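The values are calculated or read from the model by the stated rules, or taken from the named source; none is laboratory data. The structure displayed is predicted, hence computed values, not measured ones. Backbone-built Cβ (ideal geometry, glycine too); neighbour counts: all protein chains shown. Protein only, heavy atoms only, side chains kept; ligands, DNA and RNA dropped before computing areas. Shrake-Rupley method; radii C 1.70, N 1.55, O 1.52, S 1.80 Å.
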Amino acid sequence: MSAVTAVLAATAATVFAVAKDGQDNQYRHGTIMILTGGTKDIYYTYGVELAAAVNRRLNGVQAQAMATTASVENVRQVARSANVFAFTAADAASAAVDGRAPFTQRVPIRALARIYDDYVHLVVRADAPINSIEDLAGKRVSIGSDGSGTELITERMLEVAGINPASLSVSTLGINESVAALRAGDIDAFFWSGGLPTAGITELAQKTPIRLVPLGQLAAGLHAEWDPVYRSGAILADTYRLAGEAVDTPTVAVPDLLVTRADTDPGLVEEVTRILFDARAEIADRVPVAYALDRRSAIATAPIPLHDGALRYYRATKT
């Protein structure tokens, strides 16, 4: 049993009771988990701040943020327990609700909101002879940790690019480990799918001259062959302190969602959704990308249906 599974099992055993907030809304109280990502990932910081906001604002609920390997693992863990919330990329969520690989059956997840977009990074040292994804042949490359959204999208990108993973020396490292390995010279490149800016890459760029390799040419193929959630995007020149001329880097973007299981208490979901928006400014003090949260775009979670509790919030606040 993984550490995450063990904690969730203990959470599931918590006795929940019905409580009411100041607006006379009923919701279940007790301990809830918010599954995030690596500690140098925006998911993690966002989740920590959201948990703190829940604890300040929602009587009778104790929220805990947990570091994980992110998207795919998070969805699998949500499938095991109601009243658990998780950050995930929309491509992993889409595969889950359809029962497509890496999932073996349909997973009954629902969305609270579309929160921001991830951008795929291919990070190399400034002096590396790697200027395109095709140049990775024969190189030591981290494709993301097992069970991560980075691993999922990287495997799809390699297929669209016509690159056999066997031609690479592959490592499966999370963002923390990838940053350390590139700095130490143990790998030549790493993929990362995350929000902007990702703290680990900001820190790496301050100590090691690095570049980002363009990946935008793969967006159309990913959209057509894998999932319409993929689109073209760009990592703007001022996002990181990169070596060389300051230019935007074309890449692939994918939305991020906050999800839970379909049978999570609707009152609890409504309250967590409310706090997600009400605490946006205070969360954004630590996580600037939280400013991207907007009620009009937050409901654009297709093909993941909105949870009934989230729908109640959006209908109640519709102007």
### Scope region 252-271; condition touching a strand residue (DSSP E or B) at 6+ places or on another chain (Cβ under 6 Å), surrounded by fewer than 24 Cβ atoms within 10 Å (Cβ to Cβ) and more than 19 Å from Ala302 (Cα to Cα); matching residues
Asp265, Gly267
### Message
Take Glu245 and tell me if it is modelled with pLDDT of 95 or more and either open to solvent by 80 Å² or more (accessible area, probe 1.4 Å) or assigned to a helix (DSSP H, G or I) (or both).
### Response
no
## Note on the structure
With criteria (1) touching a Phe, Trp or Tyr at 6+ places or on another chain (Cβ under 9 Å); (2) farther than 19 Å from Asn83 by Cα; (3) open to solvent by 10 Å² or more (accessible area, probe 1.4 Å), Arg274 comes up short on (2)
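List the helices (runs of 4 or more DSSP H) that sit entirely inside region 128-225 and contain at least 1 residues that are of a type in the set (S, T, N, Q), open to solvent by 50 Å² or more (accessible area, probe 1.4 Å) and out of contact with any strand residue (DSSP E or B) (no Cβ under 6 Å at 6 or more places or on another chain).
On the way: elements: 149-160, 175-184, 199-207, 219-225.
Of the helices (runs of 4 or more DSSP H) lying wholly inside region 128-225, those with at least 1 residues that are of a type in the set (S, T, N, Q), open to solvent by 50 Å² or more (accessible area, probe 1.4 Å) and out of contact with any strand residue (DSSP E or B) (no Cβ under 6 Å at 6 or more places or on another chain) span 199-207.
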### Message
With the structure loaded, tell me whether Val123 is closer than 30 Å to Ala284 by Cα, more than 14 Å from the chain's Cα centre (by Cα), at pLDDT 95 or above and not acidic (Asp, Glu) or whether it fails that test.
### Response
yes
### Message
If Arg114 satisfies all but one of (1) touching a Leu at 6+ places or on another chain (Cβ under 6 Å); (2) at pLDDT below 95; (3) open to solvent by 50 Å² or more (accessible area, probe 1.4 Å), what's the number of the condition it fails?
### Response
(2)
### Summary
For region 62-98, the count of residues that are in contact with a Pro (Cβ under 8 Å, 6 or more places away or on another chain) and either open to solvent by 30 Å² or more (accessible area, probe 1.4 Å) or part of a loop (DSSP other than H, G, I, E, B) (or both) equals 2
### Query
How do the pairs read when you match residues in region 130-154 that are of a type in the set (S, T, N, Q) with residues anywhere that are modelled with pLDDT of 95 or more and part of a strand (DSSP E or B), using Cβ under 7 Å and keeping only pairs 6 or more apart or on different chains?
Ser142/Ser171; Ser142/Phe190; Ser142/Phe191; Thr150/Phe191; Thr150/Trp192; Thr150/Ser193; Thr154/Phe191
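Which one is surrounded by the fewest Cβ atoms within 10 Å (Cβ to Cβ) among residues in region 280-313 that are free of Cβ contacts under 8 Å to residues at least 24 places away in the same chain and not in a loop (DSSP other than H, G, I, E, B)? Break it down stepwise before answering.
In the first step, residues of region 280-313 are kept if they are free of Cβ contacts under 8 Å to residues at least 24 places away in the same chain; the result is 280-281, 284-285, 288, 291, 294-296, 302, 311.
In the following step, the residues that additionally are not in a loop (DSSP other than H, G, I, E, B) were identified as 280-281, 284, 288, 291, 295-296, 311.
On the way: Arg280: 17, Ala281: 10, Ala284: 16, Pro288: 14, Tyr291: 12, Arg295: 13, Arg296: 7, Leu311: 18.
Ranking the qualifying residues of region 280-313, first place goes to Arg296.
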### Query
In this structure, does Asp117 turn out to be under 14 Å from the mean Cα position of the chain (by Cα), closer than 24 Å to Gln217 by Cα and in a helix (DSSP H, G or I)?
no
### Query
Taking into account only those residues within region 26-42 that are of a type outside the set (Ser, Thr, Tyr) and more than 23 Å from Tyr119 (Cβ to Cβ), which is farthest from the chain's Cα centre (by Cα)?
Gln26
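Quick one: which of Gly37, Gly30, Gly22, Gly47 is assigned to a loop (DSSP other than H, G, I, E, B) and at pLDDT 90 or above?
Working: Gly30 fails: assigned to a loop (DSSP other than H, G, I, E, B); Gly22 fails: at pLDDT 90 or above; Gly47 fails: assigned to a loop (DSSP other than H, G, I, E, B).
When all the criteria are applied, what remains is Gly37.
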### Query
Could we say that Ala101 is on the phi < 0 side of the Ramachandran plot and assigned to a strand (DSSP E or B) here?
no
